[in-house]
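Written out below as structure tokens is the structure these notes cover.
Just so it is clear, none of the values below were taken in a lab; they were calculated from the coordinates. Since the model is a prediction, treat every value here as computed from it, not as a measurement. Ideal geometry is used to build each Cβ from the backbone, glycine not excepted, and the neighbour counts take in all protein chains shown.
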Amino acid sequence: MAQDRGECLEQQLDNQVVVSVNLRQSTTELRATAEALLQVVTIHQQNFERLIQN
């Protein structure tokens, strides 16, 4: 019984490690997406300002 509980806890910890790795990867990808969107918005804003000036 104690061995089963230990194996269950070990599996839960392994699962938590996988979840943590996936979360870290998703966070990194989300940050990259946000930075790319900010660059696009900045370019559009600059283009809009140029249109207004001309």
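Think of each Lys and Arg Cβ as +1 and each Asp and Glu Cβ as -1; about the Cα centre, that makes the dipole of the chain roughly 340 debye.
Multiply the residue gap between Asn15 and Ile52 by 0.36 nm, knock off their C-alpha separation, and tell me the result in nm, one decimal place. Kindly include the intermediate steps, with their values, before the conclusion.
On the way: separation 37, 0.36 × 37 = 13.32 nm, distance 5.48 nm.
Stretched out fully, the Asn15 to Ile52 stretch lengthens by 7.8 nm.
Convex hull volume of the Cα atoms of the chain, normalised per residue: 36 Å³. Between helix 2-53 and the chain there is an angle of about 0 degrees, using the helix long axis and the longest principal axis of the Cα atoms.
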